[in-house]
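Novice: One structure follows; several queries about it will come next.
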Amino acid sequence: MKKMRHLVSVLLAVVLVLSLAACGNKADSGKTETKGGAEQTKASEGAKEDESKGSEESSVSEANGEGKIGLMVGTVAISEEEYRSAEAWQKQLGEDKVVIQTYPDNFMSEEETTISNMLSLVSDPDIKVVIFVQGVPGASAAISKAKEVRPDILYINGGPNEDPDVACEAADVCIDYDNYSAGAQMADRAKEMGAETLIYYSFPRHQGYEKVAYCGNQCEERCKELDIEFVRVTIPDPQSDAGTAGTQQFIIEDVPKELATYGPNTAFFDTNTMSTPAVIKALYDAGEGIYMNPSQSSPFCGYAEALGLSVPADKTNDYQWMIGALQEKLKETEDNGRFSTRMIPTVVMEMNTAVEYALAYLNGETNGKVDMEAFKAALIKASGTDESDISFNTYDVNGVKYDNFALVLGPWAML
């Protein structure tokens, strides 16, 4: 097994460091035992038995109402899941119903381009809904500018990377991964997987995001309660001069050092998707350590690149197939149980929920632009799971409430 692992490592190392990482962030729902004693969810256990139930088929809604839906997403280079999810909806509803626009890869330094692209999108008078996924810095400014010329449009911000007061003021409805509950759940997951130490990789820019900092602080507090040593490690920002290659190279060199220092039962979490493939690969190569979940929670985020797994074109949005494929891949080297993820990709869940809600809005099935009960119903429909398997809350953190901000989590899947 070690020889096989070494061969895989040699073949992938150079490609991983030089390539861009593209990723598209409740308790276990029913557990069974694998040969290695690892737990996996019932949903992921049945993944290979029912490959036809991919996330792209979780919704069968039709666009009966008048008007188009504009999808503002990242390019394939920066977030493949976003773009592929948008493509899937365009294919399902038709190009005459769904229009795709992208924000720039260098969004931190090209806010004006983001705004310009948004204004181009809403210049089409038939656009009645705009969904921005993920809401990178500059998304709120772009939405605000668009509102000046098209206040009639319903604006939805998925995964906003700006403070809630900024995002919720600009957009009519926001939806995001529930970072305010996820931190404690991340520590709980690490404990379940046998962690004694948790390495938390991040950098100053991300810690400037309120939700990221909150999640990390909550995880640290929960680790103290669980007697898990929590260690913060600063990594290079992929948006800095170091770039993605510099971030990944740091990770590849640092993971073995942390394992040597803290031992094989060391868990890792990184707050940025660009570092995710490197963390997974380093742990896979080492044959020890624990990885609970990518920051942009998804079985697609980082895993295929890190493990050298080829994903067929017709499976790029099929998370159940992907979970089964990863379980089989990890079985080859007896690594089942060291890696996990949320079953439903964050971006897919946000995109599908937003589109389902947009369709309900266009069909006259919502109480105006902001109807959170209808939004919850859209989440249940889009996720293709039972209501008991998901978590839906409106933002209520430290006494601050935003009634138009939905926070969601899906079920876990052990790999």
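The values are calculated or read from the model by the stated rules, or taken from the named source; none is laboratory data. Remember, it's a predicted structure, so these values are computed and weren't measured experimentally. Neighbour counts are summed over all protein chains in view; Cβ atoms, including those assigned to glycine, are modelled from backbone coordinates with ideal geometry. These area figures cover heavy atoms from the full protein model, side chains too; ligands, DNA and RNA do not enter into them. Shrake-Rupley method; radii C 1.70, N 1.55, O 1.52, S 1.80 Å.
Novice: Can you name the residue in segment 282-300 that is open to solvent by 10 Å² or more (accessible area, probe 1.4 Å) and not aliphatic (A, V, I, L, M) and, of all such residues, is modelled with the lowest pLDDT?
Specialist: Q296
Novice: Here's a follow-up. If we scan segment 253-273, do we find a residue that is surrounded by 19 or more Cβ atoms within 10 Å (Cβ to Cβ), assigned to a helix (DSSP H, G or I) and within 17 Å of the chain's Cα centre (by Cα)?
Specialist: No: segment 253-273 contains no residue that is surrounded by 19 or more Cβ atoms within 10 Å (Cβ to Cβ), assigned to a helix (DSSP H, G or I) and within 17 Å of the chain's Cα centre (by Cα).
Novice: List, please: which pairs have Cβ atoms under 9 Å, are six or more places apart or on different chains, and start with a residue in segment 196-212 that is closer than 21 Å to G159 by Cα and among the charged types (D, E, K, R) and end with one that is open to solvent by 60 Å² or more (accessible area, probe 1.4 Å) and outside any helix (DSSP H, G or I)?
Specialist: The qualifying pairs are R205/M108; R205/Q239; E210/D163; K211/D163.
Here's the yes/no breakdown for (1) open to solvent by 10 Å² or more (accessible area, probe 1.4 Å); (2) of a type outside the set (F, W, Y):
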| position | (1), (2) |
| --- | --- |
| W321 | yes, no |
| T341 | no, yes |
| N352 | no, yes |
| D371 | yes, yes |
| I380 | yes, yes |
| E387 | yes, yes |
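Novice: Let me ask something additional. Could you name every one of the helices (runs of 4 or more DSSP H) located completely within segment 60-168 that has at least 1 residues being under 19 Å from H206 (Cα atoms) and within 23 Å of the chain's Cα centre (by Cα)?
Specialist: Correct list: 111-122, 139-149.
Novice: Out of contact with any Leu (no Cβ under 6 Å at 6 or more places or on another chain), open to solvent by less than 10 Å² (accessible area, probe 1.4 Å), under 17 Å from I131 (Cα atoms) and modelled with pLDDT of 95 or more - does that describe any residue in segment 327-338?
Specialist: Among the residues of segment 327-338, not one is out of contact with any Leu (no Cβ under 6 Å at 6 or more places or on another chain), open to solvent by less than 10 Å² (accessible area, probe 1.4 Å), under 17 Å from I131 (Cα atoms) and modelled with pLDDT of 95 or more, which makes the answer no.
Novice: If you scan segment 197-237, which residues turn out to be part of a loop (DSSP other than H, G, I, E, B) and open to solvent by 20 Å² or more (accessible area, probe 1.4 Å)?
Specialist: The answer is G208, Y209, L226, D227, P236, D237.
Novice: Let me ask another. Tell me which residues, restricted to segment 309-319, are of a type in the set (D, E) and open to solvent by 40 Å² or more (accessible area, probe 1.4 Å).
Specialist: Within segment 309-319, just D314 meets the criteria.
Novice: Considering only segment 354-400, state which residues are within 25 Å of F300 (Cβ to Cβ), modelled with pLDDT of 95 or more and hydroxyl-bearing (S, T, Y).
Specialist: Of everything in segment 354-400, just one residue is within 25 Å of F300 (Cβ to Cβ), modelled with pLDDT of 95 or more and hydroxyl-bearing (S, T, Y), namely Y357.
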